[in-house]
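The values are calculated or read from the model by the stated rules, or taken from the named source; none is laboratory data. In this text the structure is predicted, and so the values were computed from the model without any measurement. Methodologically, a virtual Cβ is constructed for each residue, glycine included, from the backbone with ideal geometry; neighbour enumeration extends over all protein chains shown. Surface accessibility is based on the protein's heavy atoms, side chains included, excluding ligands, DNA and RNA. Shrake-Rupley method; radii C 1.70, N 1.55, O 1.52, S 1.80 Å.
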Amino acid sequence: MRFADLHTHTYHSDGTRSPREVIDVARAHGIEIVSISDHDNLAAYFEIKSYADEQKVLLIPGVELSCAHAGVDVHILAYAFDPLDERIERRLARFRETRQTRGRRMVDRLRSLGYRVDSTRVEQLAAGGSVGRPHVARALVEAGHVGSVEEAFDTLIGAGKPAYVEKERFRVDEAIALIHAAGGLTSIAHPTLYPAHEEIVPVLLDAGIDGVEVLHPEVDEASRENYSSIARFRGKMLTGGSDDHGTVKQVETLGTIRVPESYITPILDRCS
């Protein structure tokens, strides 16, 4: 049996690993199926697809979409869609533009507060992918204004902090329609991280999302069993992944979640 990790990040969004490192570390942990689910972009997939093939790692097209549901920021994982679909590329390109604008606005706010941060450096840290707050945080660390990414969020760019700028989000129905039109499937990311998640998850599944991420470092055993039952009752799939961000977070999780391939048959069927 093969094992999968369908939730990883690289420096093309808010992680620190290169796409090649993700493949190498996953393979070292016996993981042969990987999806790099960077936020709102597919740069890592196109960068590393041929290398993954050489290493006998099945690389599944993936992306993590930031969505809004009843005022709550919800993340939807998308898998096994056509990565060359022009509708997806156009929509993600527009979304990346809004992220870039948001990053520049945060830098402007920081500079007005006396923190010398350069927008060009922030965009360099994004490596051609989606600009996000972790890139701003890393620029703050590099400039010596804060001691860590966590400190940057806690004091300056977290929600409600002086340099925070609200971000654009997909509508849930828009995200589902976009991915389904390109032949893909969707799953609710890290379900236990949302307020009132016991109410939100069933509503999202009933809205047309195809599955839920039950294997995740932040999903405890009781919640895993609960959401597995809820999903199966509705005929939905189960997914999982480490949500690894490299050194951005205090714990590196790549290799800690190994999803049996039997969980993700609907995704694999679309990749055959």
Problem - Glu218-Asp73 pseudo-label distance in nm [points 7 Å out on the Cα-to-Cβ vector] - result: 1.0
Exercise for the section: Any chance you could check the Cα centroid distance between segment 123-182 and segment 1-49 for me, in angstrom? Expected result: 19
Fill in the blank from the handout: Probe 1.4 Å, heavy atoms of protein chains only: per residue, the accessible area of the chain in Å² is 42
Practice task
Name the residues whose placed amide hydrogens come within less than 5 Å of the amide hydrogen of Phe81, ignoring near sequence neighbours (fewer than 5 apart) on the same chain.
Solution key: Leu185
Practice task
Tabulate in residue order the Karplus-calculated ³J(HN,Hα) for segment 265-272, using 6.51 cos²θ - 1.76 cosθ + 1.60 with θ = phi - 60°, rounded to whole Hz; enter x for Gly and Pro.
Solution key: 3, x, 6, 4, 4, 7, 9, 7
Problem - Fluctuation leader among Ser187, Ser242, Ser112 - the chain, Gaussian network, Cα springs under 10 angstrom - result: Ser112
Fill in the blank from the handout: Out of His29, His180, His12, a Gaussian network model of the chain with alpha-carbon springs under 10 Å gives the largest mean-square fluctuation to His29
Problem - Cβ-derived FRET efficiency at R0 51 Å, Glu97 paired with Ala28, nearest 0.05 - result: 0.90
Fill in the blank from the handout: If R0 = 45 Å, then His180 and Glu151, at their Cβ-Cβ distance, give a FRET efficiency to the nearest 0.05 of 0.65
Handout entry: Virtual paramagnetic centre 7 Å along Cα→Cβ of Gln55, amide N under 20 Å, in segment 223-257
Key = 240-249, 252-257
Problem - Length-normalised contact order for the chain - Cα pairs under 8 Å, 6+ apart - percent - result: 24
Practice task
Taking H placed 1.01 Å from N in the peptide plane, check which residues at least 5 places from Val131 or on another chain put their amide H under 5 Å from its amide H.
Solution key: Gln100
Exercise for the section: With a 1.4 Å probe and every protein chain kept in, tell me what percent of the accessible surface of the chain is carbon plus sulfur. Expected result: 48
Handout entry: Backbone HN-Hα couplings from phi across segment 45-62 [Karplus 6.51/-1.76/1.60, Hz, Gly and Pro as x]
Key = 4, 5, 5, 10, 4, 5, 5, 4, 4, 4, 8, 6, 9, 6, 9, 9, x, x
